[in-house]
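The values are calculated or read from the model by the stated rules, or taken from the named source; none is laboratory data. Since this is a predicted model, take the numbers as computed values, not measurements. Note: ideal-geometry Cβ built from the backbone for every residue, glycine included; neighbour counts use all protein chains shown. Just so you know, the surface numbers come from the protein's heavy atoms only, side chains and all, with ligands and any DNA or RNA stripped out. Shrake-Rupley method; radii C 1.70, N 1.55, O 1.52, S 1.80 Å.
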Amino acid sequence: DFANGLRLITVPTGLPHIVSLQIVVHAGSRNEVEEGRSGFAHFFEHMMFRGTPAYSPERYEAVLQNSGASSNAYTDDDRTVYHTTLTRPDFEELLAMEADRFQNLRYPEDDFRTEALAVYGEYNKDSAEPVNKLMEVLRDTAFDRHTYKHTTMGFLRDIVRMPEMYDYS
């Protein structure tokens, strides 16, 4: 346990040279309590790959590729998880990159708008699946006050407005 609330948990796997880093952020769509601003937990999962002054998106990706790492993230109702699998010798550099992006994320308005439109496209793709649309309608009907009313993607009306919400971000 660290003073800042972080915990490092080691789970032996029998693969001594492979490391999997799982950064669990206890914030998901349930934390979106402001009217008209659903979907931002998921949206910021996307934005976390947009770089910092020290690690542009291209540099971040190059470091991962050079080490043979696999990295991604997901957001659900209760959490956002950033996960990377890599070799042990590259672990310290990855930790430095992750610390940097959690502390120094920066993105220009154009990147913000582009990513907001990508999230809108993801919503359209996902809602084309009947079960996803069913869950969206079911949650909206089942919950009156709880933030589980909206899906992780957010309400469509909020997603459509995202490109204009740079100042909010």
Between ILE9 and LEU21, what is the spin-label point distance in nm, taking each point 7 Å from the Cα along the Cα→C-beta axis? 1.8
At R0 = 25 Å the Cβ-Cβ FRET efficiency linking ASN72 and LYS125, nearest 0.05, sits at 0.90
Sorting ASP140, ASP158, ASP167, ASP90 on solvent-accessible surface, 1.4 Å probe, most exposed first, gives ASP167, ASP140, ASP90, ASP158
Could you look at segment 1-112 and say what percent of its accessible area is carbon and sulfur, using a 1.4 Å probe and all protein chains? 52
If the chain between ARG59 and ASP110 were fully extended at 0.36 nm per residue, the gain over the current Cα-Cα distance would be 16.4 nm
Of all alpha-carbon pairs in segment 105-169, indicate the percentage at a distance above 21 angstrom. 33
Using the heavy atoms of the protein chains alone and a 1.4 angstrom probe, what is the accessible area of segment 1-107 per residue in square angstrom? 61
